[in-house]
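Single-structure report; data block below.
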4 protein chains.
Amino acid sequence: MDGLTERVRAFAEERDWQPFHTPKNLAMALAGEVGELLAEFQWLTPEEASRVMADPEAGARVRAEIGDVMIYLSRLADVLGIDLVEAALTKLDEAATRYPVEQAKGSAAKR
Amino acid sequence: MDGLTERVRAFAEERDWQPFHTPKNLAMALAGEVGELLAEFQWLTPEEASRVMADPEAGARVRAEIGDVMIYLSRLADVLGIDLVEAALTKLDEAATRYPVEQAKGSAAKR
Amino acid sequence: MDGLTERVRAFAEERDWQPFHTPKNLAMALAGEVGELLAEFQWLTPEEASRVMADPEAGARVRAEIGDVMIYLSRLADVLGIDLVEAALTKLDEAATRYPVEQAKGSAAKR
Amino acid sequence: MDGLTERVRAFAEERDWQPFHTPKNLAMALAGEVGELLAEFQWLTPEEASRVMADPEAGARVRAEIGDVMIYLSRLADVLGIDLVEAALTKLDEAATRYPVEQAKGSAAKR
């Protein structure tokens with residue numbers, strides 16, 4: 001993970017792309033890539049979507065879109081000085097408190 | 001990173017949330033969280049957005065939203081059997097070929 | 001529709017919000033509202049989602065989110081000098097050429 | 001506006017696309033199109049974004065993306081039985097109450 005962050009940073013710096021990589025722009029780029037990911041799933045039934053990785057072409061596209069989303073997310077976190085995994089773990093701990101196992105079991109009340 | 005994937009999976013399984021965690025639903029939830037992240041930046045000038053982490057309250061909100069995005073992204077990748085970091089590195093290699101340093105320098109042609 | 005565009009414009013101008021209503025910011029706000037709309041549907045089964053308007057509370061939330069999306073979309077179009085309905089009709093004509101009825105029938109190839 | 005709704009509905013029905021046009025799928029498609037719209041703005045400075053319609057090629061792309069967003073938004077509203085303009089006006093009235101002119105003037109507190 002740290003390796004990825006550094007690779008993405010080096011990629012941007014070698015191309016002098018830092019001026020474009022502002023938090024606003026990266027957040028927009030992240031949303032754009034998530035939009036492309038949604039497009040892979042939008043017309044599939046839930047069943048088709050669950051089997052998507054078994055289709056070599058569609059599976060490769062989904063994998064590529066997920067890769068793009070991860071690139072921009074790690075770049076945005078890097079630019080903001082946020083540790084991605086740590087931020088996720090902190091939120092997961094909060095969610096564990098907010099959705100205690102016994103009450104949350106099988107309920108979609110929130111997620 | 002593997003630790004996060006496992007923690008998120010355990011979190012979902014303990015609550016019997018697997019039926020909700022289909023690829024379509026997780027992609028929607030990911031997009032929803034990215035929308036909340038965008039909302040943190042939308043009315044800021046580029047300069048204000050670049051200093052957002054210096055503001056304790058706004059900074060905490062941005063960090064929390066980034067954490068949420070990362071949780072759903074790692075969960076979606078896990079459900080699809082995709083290695084998040086590997087998928088990002090593969091795309092980064094492709095991007096390096098598509099945007100050679102010398103031609104891409106300082107140009108926003110694509111990104 | 002023209003009435004809406006004018007009402008939204010007056011709303012923004014009365015509050016001196018024009019400086020915030022740049023195309024970039026409005027596009028982000030639009031995406032943020034679409035994220036909130038997605039959140040209303042993300043954990044529902046396709047069947048539950050199709051019946052969502054029959055639930056007074058969820059239906060009211062969906063209606064409100066759709067309203068928010070429409071407000072930002074019409075404001076963005078206004079700021080860019082684009083006629084929303086005309087832009088949609090132009091694209092619909094193009095789509096009719098690209099997806100002739102006979103070939104497109106029942107196929108999700110594109111949409 | 002009503003004409004657009006009917007034209008989009010006829011377009012979908014002629015192609016037997018109703019089974020694909022569920023609320024969940026249409027919300028995803030809407031988000032996907034908004035992602036493409038964001039992509040048009042993401043690397044532009046605020047000034048470049050404000051002049052985007054003066055560039056024939058970029059302007060045509062933005063207009064087309066806005067048209068796509070409007071198509072899916074009106075289709076989603078139609079499928080849910082929501083009047084798009086009415087839903088927006090209702091929300092605008094609520095916003096007028098929540099952000100009284102005198103307090104909201106020039107402040108980005110919320111929007």
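The values are calculated or read from the model by the stated rules, or taken from the named source; none is laboratory data. Everything numeric in this text was worked out from a predicted model, so none of it was measured. We place every Cβ from the backbone using ideal geometry, glycine too, and count neighbours over all the protein chains shown. These accessible areas exclude ligands, DNA and RNA; they are computed on the full protein's heavy atoms, side chains included. Shrake-Rupley method; radii C 1.70, N 1.55, O 1.52, S 1.80 Å.
Of the conditions (1) more than 18 Å from D:Arg75 (Cα to Cα); (2) within 14 Å of chain B (Cβ to nearest Cβ); (3) in contact with a helix residue (DSSP H, G or I) (Cβ under 9 Å, 6 or more places away or on another chain), C:Arg9 fails just one. Which one is it?
Here C:Arg9 meets the rest and fails (2).
Just for the range B:58-67: of the residues that are in contact with a Leu (Cβ under 9 Å, 6 or more places away or on another chain) and of a type in the set (Gly, Ala, Ser), which one is nearest to A:Ala64 (Cα to Cα)?
The selected residue is B:Gly67.
Would you point out the residue of the range C:88-105, among those that are open to solvent by 40 Å² or more (accessible area, probe 1.4 Å) and in a loop (DSSP other than H, G, I, E, B), that is modelled with the highest pLDDT?
My answer is C:Pro100.
Could you check, for the range A:50-57, whether at least one of its residues is farther than 19 Å from B:Leu26 by Cβ, outside any loop (DSSP other than H, G, I, E, B), of a type outside the set (A, V, I, L, M) and modelled with pLDDT under 95? Give the steps one after another, and end with the answer.
Looking only at the range A:50-57, we keep the residues that are farther than 19 Å from B:Leu26 by Cβ, and these are A:56-57.
If we keep only those that are outside any loop (DSSP other than H, G, I, E, B) too, we end up with A:56-57.
So of that shortlist, the ones also of a type outside the set (A, V, I, L, M) come out as A:56-57.
From what is left, the residues that are modelled with pLDDT under 95 are none.
For the range A:50-57, residues farther than 19 Å from B:Leu26 by Cβ, outside any loop (DSSP other than H, G, I, E, B), of a type outside the set (A, V, I, L, M) and modelled with pLDDT under 95: absent.
Can you tell me which residue is surrounded by the fewest Cβ atoms within 10 Å (Cβ to Cβ) among those in the range B:4-45 that are aliphatic (A, V, I, L, M) and touching a residue at least 60 places away in the same chain (Cβ under 8 Å)?
Residues of the range B:4-45 that are aliphatic (A, V, I, L, M), as a first pass: B:4, B:8, B:10, B:12, B:26-31, B:34, B:37-39, B:44.
So of that shortlist, the ones also touching a residue at least 60 places away in the same chain (Cβ under 8 Å) come out as B:4, B:8, B:12.
Details: B:Leu4: 21, B:Val8: 24, B:Ala12: 19.
Applying the filter and picking the extreme gives B:Ala12.
Residue check: is C:Ala60 among the hydrophobic types (A, V, I, L, M, F, W, C), surrounded by fewer than 17 Cβ atoms within 10 Å (Cβ to Cβ) and part of a helix (DSSP H, G or I)? Lay out the reasoning, then the answer.
Details: among the hydrophobic types (A, V, I, L, M, F, W, C): yes; surrounded by fewer than 17 Cβ atoms within 10 Å (Cβ to Cβ): yes; part of a helix (DSSP H, G or I): yes.
Answer is yes for this residue.
Starting from the range B:88-111, take each residue that is β-branched (Val, Ile, Thr) and list its partners that are open to solvent by less than 80 Å² (accessible area, probe 1.4 Å) and modelled with pLDDT of 95 or more, counting only C-beta distances under 7 angstrom and pairs at least six apart or across chains.
Listed pairs, sorted by first residue: B:Thr90/A:Gly67; B:Val101/A:Arg15.
Rundown of residues vs (1) over 14 Å from the mean Cα position of the chain (by Cα); (2) of a type in the set (A, V, I, L, M, F, W, C); (3) not in a loop (DSSP other than H, G, I, E, B), yes/no style:
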residue: B:Glu6; (1), (2), (3): yes, no, yes
residue: B:Arg9; (1), (2), (3): yes, no, yes
residue: B:Ala12; (1), (2), (3): yes, yes, yes
residue: B:Pro19; (1), (2), (3): yes, no, no
residue: B:Ala27; (1), (2), (3): no, yes, yes
residue: B:Leu30; (1), (2), (3): no, yes, yes
residue: B:Glu36; (1), (2), (3): no, no, yes
residue: B:Glu48; (1), (2), (3): yes, no, yes
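Within the range A:68-87, identify whether any single residue is over 19 Å from B:Ile66 (Cβ atoms), out of contact with any strand residue (DSSP E or B) (no Cβ under 7 Å at 6 or more places or on another chain) and either of a type in the set (Val, Ile, Thr) or more than 7 Å from every other protein chain (Cβ to nearest Cβ) (or both), and answer yes or no.
As a first pass, look at the range A:68-87 and keep what is over 19 Å from B:Ile66 (Cβ atoms): none.
Checked against the condition, which is being over 19 Å from B:Ile66 (Cβ atoms), out of contact with any strand residue (DSSP E or B) (no Cβ under 7 Å at 6 or more places or on another chain) and either of a type in the set (Val, Ile, Thr) or more than 7 Å from every other protein chain (Cβ to nearest Cβ) (or both), the range A:68-87 yields no hits at all.
For C:Glu36, are the conditions met, namely being more than 7 Å from every other protein chain (Cβ to nearest Cβ) and of a type in the set (D, E, K, R)?
On the way: more than 7 Å from every other protein chain (Cβ to nearest Cβ): no; of a type in the set (D, E, K, R): yes.
So C:Glu36 does not fit the description; no.
Determine, yes or no, whether C:Tyr72 is hydroxyl-bearing (Ser, Thr, Tyr) and under 15 Å from the mean Cα position of the chain (by Cα). I'd like the intermediate steps shown before the answer.
On the way: hydroxyl-bearing (Ser, Thr, Tyr): yes; under 15 Å from the mean Cα position of the chain (by Cα): yes.
Criteria met by C:Tyr72.
Just to be sure I understand, how many residues within the range D:75-87 are part of a helix (DSSP H, G or I) and open to solvent by 20 Å² or more (accessible area, probe 1.4 Å)? Show your work before the answer.
Looking only at the range D:75-87, we keep the residues that are part of a helix (DSSP H, G or I), and these are D:75-80, D:84-87.
Next cut, open to solvent by 20 Å² or more (accessible area, probe 1.4 Å) only: D:78-79, D:85-86.
Adding up the residues that qualify gives 4.
Which condition breaks for B:Tyr72 when tested against (1) touching a residue at least 24 places away in the same chain (Cβ under 8 Å); (2) buried (at least 18 other Cβ atoms within 10 Å of the Cβ); (3) out of contact with any Leu (no Cβ under 8 Å at 6 or more places or on another chain); (4) part of a helix (DSSP H, G or I)?
(3)
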